[in-house]
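Bear in mind that the values in this text are calculations on the coordinates, not laboratory data. Small disclaimer: the values here were computed from a predicted structure and weren't measured. All Cβ positions, even for glycine, are placed from backbone atoms using ideal geometry, and neighbour counts span all protein chains on display.
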Amino acid sequence: MFNLKLVFLTARTTVLVVALGGMFFTSCNRNKDLSEEEIYGILNEIIRDDSLMFHSVCWQYDSLTITADAMKNFSEEDIRFYQRQRSLLMKNDIKPNKLRCYSWRLKDYRYMELDSNTEDAYFTRLSFPLITPDRQRVFIEICENCNMMLGGSGYQVLYEKKNGKWIVHSSYNYWISDARRKQEILLAKR
């Protein structure tokens, strides 16, 4: 005859070990979430390394639409990580005194102006960046709008970190003139 108490204790211990092991395994396998400061740091490195020349940026992130062609650069893990980061951080607006640009007049970097009145100004819009879990690739859309009927341009770009510098790996969806904006203006006038 076997001891029923011993069987129950063994089964309970096994369930506890499997549950704790599963929690440990999943927590070790999940990539560390990005912080806001880390995102600003990466964006500032890209602005510096690619010599991007914009001085005023819209205070809100745009959403990012990734085409099938661009999607080939990312794994399912990359996309799941991006979706998690976006759900955690995209609701945050771009904060003042976080993004820096080069001033030729000052011959130094200064903080970018945040534009909340995007109806009357020339401004740049940034999408919420897709940053891979290893922090070595960034996909972002950069759009410039001069608020004319057909004024503006934009593109999506994949940056890769090589030897401590961000370089352009590939770019997608270049466009000039914002016909969508023209439609919005025409509909608003009706």
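Between D49 and W104, what FRET efficiency comes out of the Förster formula 1/(1 + (r/R0)^6) with R0 = 22 Å and r the beta carbon distance, rounded to 0.05? Could the numbers behind the result be given before it?
Values: r = 17 Å, r/R0 = 0.79.
Given R0 = 22 Å and the Cβ-Cβ separation, E is 0.80.
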| remark: The farthest towards the positive end of the charge dipole of the range 34-189, of the residues V157, G41, W175, given +1 on Cβ of Lys and Arg and -1 on Cβ of Asp and Glu, is G41
| query | Using a ≥ b ≥ c from the Cα gyration tensor of the range 46-131 (square roots of the eigenvalues), is it rounded, prolate or oblate, where a/c under 1.5 gives rounded and otherwise the larger of a/b and b/c decides, a/b for prolate? | reply | prolate
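Mind ordering 83-94, 162-173, 35-46, 123-134 by average Cβ neighbours within 10 Å, highest first?
Details: 83-94: 14.3, 162-173: 12.7, 35-46: 16.1, 123-134: 20.2.
Sorting 83-94, 162-173, 35-46, 123-134 by mean packing, highest first, produces 123-134, 35-46, 83-94, 162-173.
Quick check on my link table: of K107/K165; K91/K161; K32/K161; K91/K162; K32/K162; K98/K161, which ones sit more than 23 Å apart, alpha carbon to alpha carbon? Mind dumping the intermediate values first?
Numbers: K107/K165 21 Å; K91/K161 26 Å; K32/K161 19 Å; K91/K162 30 Å; K32/K162 21 Å; K98/K161 21 Å.
In this structure, K91/K161; K91/K162 exceed 23 Å between Cα atoms.
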| field | Within-15-Å neighbourhood charge of S103 [Cβ basis; K, R +1; D, E -1] | value | +3
